[in-house]
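Below is one structure, written out as C-alpha cells, with a few remarks after it.
What follows draws every value from the coordinates through simple rules; no lab data is involved. Everything quoted here is computed from the prediction, not taken from an experiment. Note that each Cβ is placed from the backbone with ideal geometry, even for glycine, and that neighbours are counted across all protein chains shown.
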Amino acid sequence: MPTAPIGVFDSGYGGLTVLRSLVDRLPQYDYLYLGDNARAPYGNRSFETVYRYTLQCVEWLLQQGCPLIVLACNTASAKALRNIQQNDLHRLDPNARVLGVIRPTAEVVGNYSKQGAVAVLATNGTVQSRSYELEIEKFFPAMKVVQEACPMWVPLIENNEHNSPGADYFVRQHVERVLRQHPDVDTLLLACTHYPLLIEKIRQLLPERIQVLAQGDIVSESLQDYLQRHPEINERLSREGQRTFYTTDAVDDFNNKATIFFGERIESRHIDLR
Ligand code: DGL
C-alpha cells in the first residue's frame, strides 16, 4: 500500500475514466481508487443515502493515509461533497482535502461555448441537485444551461450493452431531447463518469457545430493547477507511481469491467464497508 496516495472515489467503475486522465497527466503520484460497486449505482439514490455512503468511503480513504481525495463521481460531488467539506472533514482530518468534479468543470465549461448555451447530461441525482446550473452561473452568469437526465445510460454501459442497438435508441432519445431544449446549445457536457464510453455514438448524432466534452482532462488539468497552488498538500503526497484498486463488491467482476473504463488490466482488492 502506498504511504500517502491521492484517493479517487466513485460509486463504481466510472471514476476509472477520471483516474485514467489523472494518471496520464500526473503519473508520478500514487493513487488509491475505491469503487463502491456493492451499492452502485448512486444516480437514483436520495441525498441522505449518497451522503452516508460517500462519507463512509471518504473515511476509509482517510484511514488509508490519503492527504487528498477526489470524488470522481458527479452524483457524490453533487449530493455529498459540500456536507463532507463543511461538517465532517475538520473532525476526521483537518489537514486533508476532499475535492469534487463539478466545480472544476463549471469553471471552464463556458469557455467552450461560442453561442453561450451548454447542455449538461447526467444522472437523475446530479440533475435534480441543480449543482451544475448553480456552479456554472457563478463563473458564467450569462450562460444558458439546460440539463438532461439519462438514467438508462449507466445500466447500458455497466452491462456492456453500450455498442448495441438498444444503446442507439436511448442515446438518440436523450440527445434529441436535450437539443430541443434550446436552439443555441453548441456544447454537450458529459457530466457522469460513465458517459465517455458513449462519446463516439453521441458525436455521430450531432451536427458538426456541436461539440461534446468529457470531464477527465478538465479534472486532471484542474488538479495539476490545484497542486501547484497548494504546496502544503502536494508535498505530503507520495510519488512512486503506484496504483491500488479497491472495490466493495466482487473483485473478478471489477477486474473484468475495469479494463473497459481504465483501458488496461488491473487487479483489485475487496473491502467491506457497512
Ligand atoms: N459515477 C456516477 C456519476 O458520475 C454514475 C454512476 C452512478 O449512478 O452511480 O454520476
Alpha carbon convex hull of segment 115-274, projected area averaged over orientations, nm²: 12.1
Listed residue (Val18, Met143, Ala214) projecting farthest to the positive dipole end of the chain, Cβ model: Met143
Rounded to whole Hz, the Karplus (6.51, -1.76, 1.60) HN-Hα couplings of segment 236-243, x for glycine and proline: 7, 7, 7, 9, 10, x, 8, 10
Cα→Cβ-extended label distance, 7 Å offset, between Asp217 and Asp252, nm: 3.8
Among 159-168, 190-199, the order from most to least packed when residues are scored by Cβ within 10 Å on average: 190-199, 159-168
Cα-based equivalent ellipsoid of the chain: semi-axis lengths in Å, sorted from largest, via gyration tensor: 29, 21, 17
About the Cα centre, charge dipole magnitude for the chain (Lys/Arg +1, Asp/Glu -1 at Cβ), debye: 440
Farthest positive-ward along the chain dipole, Cα basis, beta-carbon charges - from Val251, Val118, Asn234: Val118
Per-residue [θ]222 nm for the chain (sum of -39500 (n - 2.57) over DSSP H runs n ≥ 4, rounded to 500): -12500 deg cm²/dmol
Spatially proximal aspartates and glutamates relative to Lys201 (Cα-Cα < 15 Å; intrachain offsets below 8 disregarded): Glu161, Asp168, Glu176
Rounded to whole Hz, the Karplus (6.51, -1.76, 1.60) HN-Hα couplings of segment 207-224, x for glycine and proline: x, 4, 6, 9, 9, 10, 10, 9, 8, x, 5, 5, 5, 5, 5, 5, 5, 4
Angle in degrees between helix 251-262 and the longest Cα principal axis of the chain, rounded to the nearest 10: 50
Part-to-part distance (alpha-carbon centres) for segment 94-155 and segment 238-274, which is given in Å: 27
Other-chain or far-sequence residues with amide H under 5 Å of Ser268's (modelled H): Asn255
Under 18 Å from the Cα of Lys144 - lysines, other chains or at least 8 residues apart: Lys114
Point-to-point label distance, Arg130-Gln204, nm (Cα→Cβ direction, 7 Å offset): 3.7
Förster radius 35 Å - calculated FRET efficiency between His230 and Arg177, Cβ distance, rounded to 0.05: 0.30
